[in-house]
Amino acid sequence: MALVEVDISSFDAFKNATLGNGYDIDGYYGYQCWDYGALLWGNIGRYGHQGTPYNYPYLSTGGTGYAYGIWLARTENATDQFELIFNLSDVKKGDLVILDKGRFVGDTSGHDAYADEDYNGTNTLRLLGQNQENPSATVGHVVTLDNMDVSKFLGAFRFKQWIAPPPPPPPVQRKKSKFPWVLYANKLRNMS
């Protein structure tokens, strides 16, 4: 399968370029959640890793073949381009969230999708992902935005390119002196 190039200049650009489209990166089972995660990895040049057929983007599932395995292989997947997020409360918009298996009866695969909002204090998060409309789908579904239960949170990957720089500190306001410098200067001149 061929990699589709999409705009990854920001998370919003990535979302706008992919929402409503479907991606089958590896040629297996149609539009699966792994394919959508792998789309970013491929667009940053992470592909063709040893052992991957078809030279497709390398986003390891740690030998499981399932989405939850992406977190098992987190060190291998993160390299220096991603920060690892271990706590749900630290999730920010744009993070690739990894959910464990067991989200519903029969779920053996887990799920991966991008947070479309910062953590909001609940176990529900708006996620941008593929194949998340119907958990029993065999072929998968296109990229959608859905509020999903994230109580099975394993971890997340934060793409460093999408981290907004901190705002500059406010300029230092110097207080104006109330000392009458002009009068003092005149007095010094008159002393000579």
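Derivation of every value follows stated rules applied to the coordinates shown; laboratory data play no part. Bear in mind the structure is a predicted one, so any value in this text is a computation, not a measurement. Positions of Cβ are backbone-derived with ideal geometry, glycine not excepted, and every protein chain shown enters the neighbour counts.
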field: Full-stretch length increase - residue 44, residue 126 - with 0.36 nm per residue and alpha-carbon distance subtracted
entry: 27.1 nm
field: Size descriptor, Kirkwood hydrodynamic radius, that averages inverse alpha-carbon separations across the range 11-162, Å
entry: 15.1 Å
message: If every alpha-carbon in the range 1-42 counts as one equal scatterer, what log10 I(q)/I(0) does Debye give at q = 0.27 1/Å?
response: -0.98
message: Show me, for the range 153-160, the HN-Hα J-couplings you get by feeding each phi into the Karplus relation (A = 6.51, B = -1.76, C = 1.60, θ = phi - 60°), rounded to Hz, glycine and proline as x.
response: 4, 9, x, 8, 10, 10, 5, 4
query: In terms of modelled amide H atoms, which long-range or inter-chain residues lie less than 5 Å from the amide H of residue 153?
result: 100
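Determine the percent antiparallel among the DSSP beta bridges restricted to the range 11-162, to the nearest 5. Walk me through the numbers before you get to the answer.
Working: 22 of 23 bridges.
For the range 11-162, the DSSP antiparallel bridge percentage is about 95.
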message: Can you work out the Karplus-derived ³J(HN,Hα) for every residue in the range 79-89? Use 6.51 cos²θ - 1.76 cosθ + 1.60 with θ = phi - 60°, whole Hz, and x for glycine or proline.
response: 6, 9, 9, 9, 9, 8, 10, 9, 10, 4, 5
statement: In nm, the gap between the two label points placed 7 Å beyond Cα toward Cβ at residue 76 and residue 64 is 1.3 nm
